[in-house]
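Notes to accompany the following structure.
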Amino acid sequence: MKTAPLLLFITVVVLTTHSYVISETAETTLTKHFNESLFKIMEKGKFSVEILMDEKEYRIGENVIGIVIHDKRDRDVEGAEIKATVVTSEGIRPLLVKEKDDGLYTAEKPDFKREGRWELTIKIKKKGNEDEGYCPFL
């Protein structure tokens, strides 16, 4: 009987960490678009975020990370107010986020060479819709 809770835990972890598409209703689909990105659906499900760490799949520029924002219908989000911070064991540092085009925003690339746990927190605001979430890095 001890295996049932463990099996349930493993099932939940697998479903939550390997889910690339989520559908709340017939009108809501959030999809991962890039193979090598970090994908996160924000807390309220209004937006999805993909973090592009390099230019392997999409030209984002030098020394920046790409932040691709899609709405709940999987459309590019342009003209949004994006606030991002890097949270480490050493503290919190805000990132200056700039809009590039077609739902792509860029921010200065953090120094990921430092050891420890990292989190990138993102807050999105567009026409009264607000959502937030974080992307963990180890």
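Only the coordinates and a few stated rules stand behind these numbers; no lab work does. What you see is a predicted model; the values in this text were computed from it and never measured. All Cβ positions, even for glycine, are placed from backbone atoms using ideal geometry, and neighbour counts span all protein chains on display.
Remarks
- Ranked list, fewest to most other Cβ atoms within 10 Å of each Cβ, for R73, R93: R73, R93
- When the listed pairs K83/K126; K32/K109; K44/K125; K46/K127; K32/K98; K46/K98 are checked against a 19 Å cut-off, the alpha-carbon distance exceeds it for K32/K109; K32/K98; K46/K98.
- Per-residue 3J(HN,Hα) values for region 54-61, derived from phi via the Karplus relation 6.51 cos²θ - 1.76 cosθ + 1.60 with θ = phi - 60°, read 8, 9, 4, 10, 7, 6, 10, x Hz in sequence order (x marks Gly and Pro).
- Highest average packing first - 118-127, 62-71, Cβ atoms within 10 Å: 62-71, 118-127
- With neighbours defined as other Cβ atoms within 10 Å of a residue's Cβ, the residues V77, V49 order from fewest to most as V77, V49.
- HN-Hα J in Hz across region 79-93 - Karplus 6.51, -1.76, 1.60, θ = phi - 60°, x for Gly and Pro: x, 8, 8, 10, 10, 9, 9, 9, 10, 10, 5, 8, x, 10, 10
- For region 38-138, the normalised intensity computed at q = 0.19, 0.20 Å⁻¹ comes to -0.90, -1.00 (log10 of I(q)/I(0), Debye sum over alpha carbons, equal scatterers, no solvent).
- Debye equation applied to the C-alpha atoms of region 75-114, log10 I(q)/I(0) at 0.20, 0.28, 0.30, 0.34 Å⁻¹: -0.66, -0.96, -1.04, -1.20
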